[in-house]
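Student: Would you mind keeping the following structure in view while I ask a few things?
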Amino acid sequence: MFKVGDNICYLPPEDETQHPYKGMVLEIKDRIRISYFNETDQQIVWVDPDDLEKEGTNRCAHNAECGWCDDTGKCIYESQ
């Protein structure tokens, strides 16, 4: 689950070199709008969630469902 402001790695499906770009989530609808810098300039594009990975987050994977961990990363579901 992505949130606005998340730092992400974007791997464009048409990129033959498979070079991931670092960016940020700007907006979320059916697709996700991101901003990233390629070799020459800034790009703002709508992408499929499958083309993204979160980067540098300690958010609990279940936080969006229950909120009990309060972004500590200590999930009440996994500690039992």
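The values are calculated or read from the model by the stated rules, or taken from the named source; none is laboratory data. The model shown is predicted, which means the values in this text are computed figures rather than measured ones. Methodologically, a virtual Cβ is constructed for each residue, glycine included, from the backbone with ideal geometry; neighbour enumeration extends over all protein chains shown.
Student: Just one of the numbered conditions (1) at pLDDT 65 or above; (2) among the hydrophobic types (A, V, I, L, M, F, W, C); (3) touching a Cys at 6+ places or on another chain (Cβ under 8 Å) is not true of Ile76; which one?
Tutor: Condition (1) is where Ile76 drops out.
Student: Restricting attention to segment 9-44, report how many residues are at pLDDT 90 or above, under 14 Å from the mean Cα position of the chain (by Cα) and hydrophobic (A, V, I, L, M, F, W, C).
Tutor: Adding up the residues that qualify gives 6.
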